[in-house]
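Take a look at the structure set out below.
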Amino acid sequence: MSLPADYHMHTPLCRHAVGEPVEYARQAVAVGLAEIGFSDHSPMRRDNFDNWRMNFSQLDAYVEKVRKAQRDFPQLTIRLALEVDYLPGHEDWIRELAARHPWDYFIGSVHYVSDSWAIDDPQKLSEWKHRDSFEVWSAYFERLTMAAESKLFEIIGHADLPKKFGHRPTRDCTPLYELFLAAAKKSGCAVELNTAGLRKDCREIYPSREILQLAFQNGVPITFGSDAHAPAEVGMNFAEAVQLARSAGYRERRCFVQRKHQSVKF
Ligand SMILES: [Zn+2]
Ligand SMILES: [Zn+2]
């Protein structure tokens with residue numbers, strides 16, 4: 001059986017990834033993927049919001065880079081998408097972005113638990129010293145639940161990102177996960193199995209087995225993504241991700257064309 005689609009990959013426009021989309025596409029063919037999707041970090045309304053995303057003026061150039069990969073690799077299905085930061089109050093901006101191009105899907109991600117702290121930013125690692133892990137998890141999952149409720153996204157990205165650097169709350173977080181997954185089920189958005197966690201300090205796929213099992217029990221669909229920031233990362237550890245998904249009970253994944261979904265066996 002062929003590997004599932006890799007729906008999460010970046011481009012150099014975000015200023016912390018290397019390799020053009022054509023190089024990611026070439027690697028996808030080499031590792032035996034039939035379908036991929038580019039989902040680079042979306043621009044913010046204010047270009048200087050942070051320094052790890054494309055400027056708004058580069059959005060058309062991004063689309064053109066993906067179109068070039070589509071033209072150069074007709075044997076590969078290549079989707080056009082964005083990884084969009086969810087922050088409360090940004091909903092109108094996200095709708096404006098959605099209207100600009102015929103996107104196949106939006107991945108809604110929470111990186112910011114406040115306007116100034118992206119929990120996965122290595123530059124802000126010292127923030128963790130002043131924070132209680134459970135409070136961070138609570139703030140993060142509150143926003144993730146809002147993202148799932150917003151109906152702005154087809155997929156929720158790396159659902160337990162706060163574990164990235166190895167921080168773990170000692171209190172039981174199951175109620176936070178249940179609220180989030182109920183929202184995802186209600187609005188019909190999928191959760192991605194993101195293999196980038198295996199390359200970080202947490203050494204674990206996002207989300208954890210516990211969350212994935214709850215997701216399956218709640219009827220929440222899934223997608224797969226490497227979160228590649230370099231061509232060599234395309235499809236990385238997908239065999240492991242498939243094994244995890246199957247052990248949680250999953251036999252189908254979602255794919256998206258112009259924001260409409262289908263279920264596919266894997
Ligand atoms: Zn990134
Ligand atoms: Zn992300």
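The values are calculated or read from the model by the stated rules, or taken from the named source; none is laboratory data. Everything numeric in this text was worked out from a predicted model, so none of it was measured. Using ideal geometry, Cβ is built from the backbone for each residue, glycine included, and neighbour counts are taken over all protein chains shown. Remember, those area values only see protein heavy atoms, side chains included, never the ligands or the DNA or RNA. Shrake-Rupley method; radii C 1.70, N 1.55, O 1.52, S 1.80 Å.
The table below gives the values:
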item: Residue in the stretch 68-87 that is part of a loop (DSSP other than H, G, I, E, B), within 16 Å of ligand 2 (Cβ to nearest atom), open to solvent by 10 Å² or more (accessible area, probe 1.4 Å) and at pLDDT 95 or above present; result: no
item: Condition check for Asp92: at pLDDT 95 or above, in a helix (DSSP H, G or I) and open to solvent by 40 Å² or more (accessible area, probe 1.4 Å); result: yes
item: Candidate set: the stretch 117-131, residues that are assigned to a loop (DSSP other than H, G, I, E, B) and open to solvent by less than 80 Å² (accessible area, probe 1.4 Å); chosen: the one farthest from His41 (Cα to Cα); result: Ile119
item: Residue satisfying condition, being more than 16 Å from the chain's Cα centre (by Cα) and within 16 Å of ligand 1 (Cβ to nearest atom), within set Phe165, Phe216, Phe266; result: Phe165
item: Among residues of the stretch 124-140, those that are among the hydrophobic types (A, V, I, L, M, F, W, C), in contact with a helix residue (DSSP H, G or I) (Cβ under 8 Å, 6 or more places away or on another chain) and closer than 20 Å to Trp52 by Cβ, counted; result: 2
item: Hits in the stretch 243-253 (condition: closer than 15 Å to Tyr206 by Cα and open to solvent by less than 30 Å² (accessible area, probe 1.4 Å)); result: Leu244, Ala245, Ala248
item: Criterion: open to solvent by less than 40 Å² (accessible area, probe 1.4 Å), over 15 Å from the mean Cα position of the chain (by Cα) and within 16 Å of ligand 1 (Cβ to nearest atom) - qualifying residue of Pro12, Pro43; result: Pro43
